[in-house]
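**Student:** Take this structure, written in structure tokens, and hold onto it; I'll ask about it next.
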Amino acid sequence: MVTLFIFYIHTIAAVTAFTRRWQETGLGEGILAVGFIVLVFSVGWSISAFLLGLVLEKKGFGIWLDRDALSLLLLTLMEGGLYYLQMKRKRNSAAA
């Protein structure tokens, strides 16, 4: 269930990024935005799964929070921080 929710969040983020970039600059930019999200998601998931594999066993903390679900949670937290810093930097450059 946790995994499904995280995939849903990423699907909504990809649709939002595509729509925003498509309306601002065009179809090509929308496709690039989705490609960037897919790239960050796939590489980030691989890295977080590797790191959690070093410290946790496969079963994790139970049925709902196995190692894969925890790696997706870690990925989502890292992505949230990354996108927060990016938006903060954009706002500061726009205000100046």
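**Student:** With the structure loaded, tell me whether ARG89 is at pLDDT 85 or above and touching a Lys or Arg at 6+ places or on another chain (Cβ under 6 Å) or whether it fails that test.
**Tutor:** Working: at pLDDT 85 or above: yes; touching a Lys or Arg at 6+ places or on another chain (Cβ under 6 Å): no.
No.
**Student:** A further question on this structure: Any chance the stretch 60-71 includes a residue that's on the phi > 0 side of the Ramachandran plot and either part of a loop (DSSP other than H, G, I, E, B) or modelled with pLDDT of 90 or more (or both)? If you could, list the steps in order and put the result at the bottom.
**Tutor:** Residues of the stretch 60-71 on the phi > 0 side of the Ramachandran plot: 60, 62.
Next, only the ones that are either part of a loop (DSSP other than H, G, I, E, B) or modelled with pLDDT of 90 or more (or both) stay: 60, 62.
Yes - at least one qualifying residue is present in the stretch 60-71.
**Student:** Among (1) more than 20 Å from the chain's Cα centre (by Cα); (2) at pLDDT 90 or above, there is one condition LEU52 misses while meeting the rest; what is its number?
**Tutor:** Tallying (1) more than 20 Å from the chain's Cα centre (by Cα); (2) at pLDDT 90 or above, LEU52 fails exactly one: (1).
**Student:** May I pose another question? Of all residues in the stretch 55-92 being among the acidic types (Asp, Glu) and surrounded by 14 or more Cβ atoms within 10 Å (Cβ to Cβ), which is nearest to the chain's Cα centre (by Cα)?
**Tutor:** The extreme case among them is GLU79.
**Student:** So how many residues does the stretch 23-68 have that are of a type in the set (S, T, N, Q) and in contact (Cβ under 8 Å) with a residue 12 or more places away in the chain?
**Tutor:** The qualifying residues number 1.
**Student:** To continue, here is another question. Given the condition surrounded by 12 or more Cβ atoms within 10 Å (Cβ to Cβ) and assigned to a loop (DSSP other than H, G, I, E, B), answer yes or no: does some residue in the stretch 28-41 qualify?
**Tutor:** Scanning the stretch 28-41 turns up no residue that is surrounded by 12 or more Cβ atoms within 10 Å (Cβ to Cβ) and assigned to a loop (DSSP other than H, G, I, E, B).
**Student:** Can you pull out the residues in the stretch 1-25 that are over 13 Å from the mean Cα position of the chain (by Cα) and either surrounded by fewer than 11 Cβ atoms within 10 Å (Cβ to Cβ) or among the aromatic types (Phe, Trp, Tyr) (or both)?
**Tutor:** The answer is MET1, LEU4, PHE18, TRP22, GLN23, GLU24.
**Student:** Does GLY44 meet the test of being in a helix (DSSP H, G or I), surrounded by 13 or more Cβ atoms within 10 Å (Cβ to Cβ), of a type in the set (Gly, Ala, Ser) and in contact with a Leu (Cβ under 6 Å, 6 or more places away or on another chain)? Full working, then the answer.
**Tutor:** Numbers: in a helix (DSSP H, G or I): yes; surrounded by 13 or more Cβ atoms within 10 Å (Cβ to Cβ): yes; of a type in the set (Gly, Ala, Ser): yes; in contact with a Leu (Cβ under 6 Å, 6 or more places away or on another chain): yes.
When the stated conditions are applied, GLY44 passes them.
**Student:** Using the structure shown, decide if ALA95 is surrounded by fewer than 10 Cβ atoms within 10 Å (Cβ to Cβ), more than 12 Å from the chain's Cα centre (by Cα) and of a type in the set (A, V, I, L, M). Write out each step before concluding.
**Tutor:** Details: surrounded by fewer than 10 Cβ atoms within 10 Å (Cβ to Cβ): yes; more than 12 Å from the chain's Cα centre (by Cα): yes; of a type in the set (A, V, I, L, M): yes.
Yes: the conditions hold for ALA95.
The values are calculated or read from the model by the stated rules, or taken from the named source; none is laboratory data. Since the structure is predicted, the reported quantities are computational estimates derived from the model, not experimental observations. Every residue, glycine among them, receives a Cβ derived from its backbone with ideal geometry; neighbour counts consider all protein chains shown.
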